[in-house]
């Protein structure tokens, strides 16, 4: 009798754990694709706005290292958005 009870508990735990793992993976992939598309749209609009600037201004932007700054900031924004979205989707509250 105790063996049957133990098997039922282990089966429930394994199915519950597997469900949570697959649900987290699915949520993570969907979240990443949505955030990636939004980031790519923003980058494309930003590039078109920057490319309309005069050549001298673009040279100064390049000398100042704004391309590296923009890459770093966009990477951080993407990472924070991904972590917050997966935390909300999984059920954790972020304060």
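Which ones in the stretch 28-37 are out of contact with any helix residue (DSSP H, G or I) (no Cβ under 7 Å at 6 or more places or on another chain) and at pLDDT below 90?
Step one: filter the stretch 28-37 for residues out of contact with any helix residue (DSSP H, G or I) (no Cβ under 7 Å at 6 or more places or on another chain), giving 29-30, 33-34, 36-37.
Answer for the stretch 28-37, where residues must be out of contact with any helix residue (DSSP H, G or I) (no Cβ under 7 Å at 6 or more places or on another chain) and at pLDDT below 90: 29, 30, 33, 34, 36.
At negative phi, modelled with pLDDT under 75 and exposed (fewer than 11 other Cβ atoms within 10 Å of the Cβ) - does that describe any residue in the stretch 67-89? No, the stretch 67-89 contains no residue that is at negative phi, modelled with pLDDT under 75 and exposed (fewer than 11 other Cβ atoms within 10 Å of the Cβ).
The values are calculated or read from the model by the stated rules, or taken from the named source; none is laboratory data. In this text, all values refer to a predicted model and were calculated from it rather than measured experimentally. Using ideal geometry, Cβ is built from the backbone for each residue, glycine included, and neighbour counts are taken over all protein chains shown.
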